[in-house]
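Below: one structure, written as structure tokens.
What follows draws every value from the coordinates through simple rules; no lab data is involved. All values reported here derive from a predicted model rather than from experimental measurement. Please note: Cβ atoms are built from the backbone with ideal geometry, for glycine as well, and neighbour counts cover all protein chains shown.
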Amino acid sequence: MIAEMRMQILHAHMFPVFVPNEYMYTEYAKTLPDYKNLEKWQIYASAVEDFMRTQGKFGKNEQQLREKVSYQKFIWGQKDEVTVNGKTFYWPPRGKVGFKSFTDTDKSK
């Protein structure tokens, strides 16, 4: 196991407790798609996610969970094929990939 033993600067930001209020359920909810059919907990969860994403400077990931899990299994070597965002990837790669394997022999000799 490798460890790094040097001092690092940590920037911790403290925020007040995120307490839901009527403004959030009425005005903020209007910014959400199909907000009239959402329950209060869904509006609250969306507001907390939005706050964390903006404060942490994270992007929004619209990828389906089943695609994430399938991709993870592909990376771990449990699957030989994965389709992500409509594009299919294989391992081992199929077709021309720009390199020659060690088992290929030069038949022109």
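Observations on the structure shown:
- No other residue among MET7, MET14, MET24 is out of contact with any His (no Cβ under 6 Å at 6 or more places or on another chain) and assigned to a helix (DSSP H, G or I) apart from MET24.
- Failed condition for PHE58, given (1) in a helix (DSSP H, G or I); (2) under 30 Å from ALA12 (Cβ atoms): (1)
- Total residues in region 11-69, condition in contact (Cβ under 8 Å) with a residue 12 or more places away in the chain and exposed (fewer than 10 other Cβ atoms within 10 Å of the Cβ): 2
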